[in-house]
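Here's the structure, in structure tokens; my notes come after.
No lab work stands behind these numbers, since they all come straight from the coordinates. A quick note: this is a predicted structure, and the numbers were derived from the prediction, not measured. Every residue, glycine among them, receives a Cβ derived from its backbone with ideal geometry; neighbour counts consider all protein chains shown.
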Amino acid sequence: MQDRVKYEFAIIRIVPKVEREEFFNVGVIVFSRPKKFLAMKYHINQKKLGSFVCEKDFEALNAYLKGWDLVCKGEASGGAIGKLDITDRFRWLTASRSTIIQSSMTHSGLTEDPEKELETIFKDCVL
């Protein structure tokens, strides 16, 4: 029990038509400050997205998510946001936005292994 630390996560969603407020999950972001862990995992199911709306550009959506991943990893190519500390990057990624790619509210829990939580939540909520 003493090895468990707090972690937070948010689900990454695609909202094809923001005005309709319909979405589906494409990824997850997991953050643990005590473990200095911030990572995300995503997958766009093109068939599922196509059933929502046919005019979406899959390559553009993937490019945006790759940009989020660069920020998440703290890569210099992630721009100014990618240079922020780990907590600020997580808060930026999970900030409320009204765009095609959004994140859910953040949720928290206790874990010994945030990477394992990332895999579990990804399997449960995205795949």
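Below, the figures for the structure above:
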item	result
Over 21 Å (Cα to Cα) - which of LYS41/LYS73; LYS6/LYS83; LYS36/LYS123; LYS83/LYS123; LYS48/LYS73; LYS17/LYS123 fall in this group	LYS6/LYS83; LYS36/LYS123; LYS83/LYS123; LYS48/LYS73; LYS17/LYS123
Prolate/oblate/rounded call for region 5-125, Cα gyration tensor, a/c under 1.5 rounded	prolate
Residue-wise HN-Hα coupling along region 57-72, computed from phi with Karplus coefficients 6.51, -1.76, 1.60 (Hz; x: Gly, Pro)	9, 4, 5, 5, 4, 4, 5, 4, 5, 5, x, 4, 5, 5, 4, 4
Magnitude of the charge dipole, the chain, Cβ model with Lys/Arg +1 and Asp/Glu -1, debye to 20	100
Amide H contacts under 5 Å for PHE24, placed H, 5+ residues apart	ILE14
FRET efficiency, ASP57 to ARG4 (Cβ-Cβ, R0 41 Å, nearest 0.05)	0.45
Relative contact order for region 5-125, counting Cα pairs under 8 Å that sit 6 or more residues apart, in percent	36
Which of MET40, MET105 has the fewest Cβ neighbours within 10 Å, and the rest in rising order	MET105, MET40
Under-5 Å amide H pairs with ALA39, H placed in peptide plane, nonlocal only	VAL30
Cβ-placed point charges (K, R +1; D, E -1), dipole of region 30-96 about Cα centre in debye, nearest 20	360
